[in-house]
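Peer 1: Provided herewith is a single structure, encoded as structure tokens, for subsequent inquiry.
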Amino acid sequence: MERITWDQFFLAQSHLLALRSTCTRLAVGATIVRDRRIMAGGYNGSISGGDHCIDQGCYVVDNHCVRTIHAEMNALLQCAKYGVPVKDADLYVTHFPCLPCTKSIIQAGISRLYYAEDYKNNSYALELLEQADIEVIHVPFDERKIDFLSDEKLELYMELITKLREKGASLEELAPYEMKVAELFGR
Ligand SMILES: [Zn+2]
Ligand SMILES: [Zn+2]
């Protein structure tokens, strides 16, 4: 397996955290990193011990779920709770942060913001980040990097395609599948 880059490694951590999200609307994960060390992480979820959206449904006001604390805030609050400084740290988040989170990220002293996916990209948030001289870096996440069964899966698909060809499937019929396999495995 190819060695994973630091950016992909920290983004993988954020995507893993997102899997713990309790909100059904969007699963977000955030990781705070300093000197290539993970300081804290968070996902969007309820206050500890509170009702979960996955059990009770979202608590929607003005088209926003108000029950959850956002991933970025949870990561920052974890640092506040345990006394971990975040000044000049980096934040890796699965989705571009909302405006209130952006303001907190700036105020907490985060110096670089890495995000995997565009998400509404609030223009005022972008303006504030620029004013605060925070580097905003879009790094798409490559799921293949953390698929430990990637080689076995590719082998299986190639075997199936070969079998289908032997059974008489035409090149034309198989082309879309071969294209999909190439797309999924980057080969
Ligand atoms: Zn919710
Ligand atoms: Zn937010």
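Peer 1: Multiplying the sequence separation of Lys180 and Ser104 by 0.36 nm and subtracting their Cα-Cα distance, what value in nm do you get?
Peer 2: 23.3 nm
Peer 1: Spin-label point model (7 Å from Cα, Cβ direction): what's the Tyr82 to Glu155 distance in nm?
Peer 2: 3.9 nm
Peer 1: Nearest 10 degrees is fine. How inclined is helix 99-108 to the longest principal axis of the chain, computing both from alpha carbons?
Peer 2: It works out to around 70 degrees.
Peer 1: Could you order the peptides 31-40, 6-15 from most to least packed, using the average number of other C-beta atoms within 10 Å per residue?
Peer 2: In descending order of packing, they fall as 6-15, 31-40.
Peer 1: Next question. Test of understanding: what is the full-extension gain from Leu164 to Leu126, defined as 0.36 nm times their sequence separation minus their Cα-Cα distance?
Peer 2: So the chain would gain 8.6 nm between Leu164 and Leu126.
Peer 1: In degrees, nearest 10, range 0 to 90: what is the angle between the Cα axis of helix 6-18 and the longest Cα principal axis of the chain?
Peer 2: Orientation of helix 6-18: about 80 degrees from the principal axis.
Peer 1: Another one. Would you calculate, for the chain, the mean residue ellipticity at 222 nm contributed by helices, counting each DSSP H stretch of 4 or more residues as -39,500 (n - 2.57) and dividing by all residues, to the nearest 500?
Peer 2: Estimated from H runs of four or more residues: -13000 deg cm²/dmol.
Peer 1: Sorting check: for 91-100, 165-174, 115-124, which peptide has the highest mean count of neighbouring beta carbons within 10 Å, and how do the rest follow?
Peer 2: My ranking of the peptides, most packed first, is 91-100, 115-124, 165-174.
Peer 1: Continuing with the same structure: Where the only charges are on Cβ atoms (+1 Lys, Arg; -1 Asp, Glu), what is the dipole of segment 42-187 about its Cα centre, to the nearest 20 debye?
Peer 2: Here the size comes out at about 320 debye.
Peer 1: Could you tell me which of rounded, prolate or oblate describes segment 6-145, using a ≥ b ≥ c as the square roots of the eigenvalues of the alpha-carbon gyration tensor, with rounded for a/c under 1.5 and, failing that, prolate when a/b is larger than b/c and oblate otherwise?
Peer 2: rounded
Peer 1: Test of understanding: what is the full-extension gain from Arg144 to Asn63, defined as 0.36 nm times their sequence separation minus their Cα-Cα distance?
Peer 2: 25.8 nm
Each value in this text was obtained by applying a stated rule to the coordinates, not by laboratory testing. This is a predicted model, so every value here is computed, not measured. As a convention, Cβ positions derive from the backbone with ideal geometry for all residues, glycine included, and neighbour counts pool all protein chains shown.
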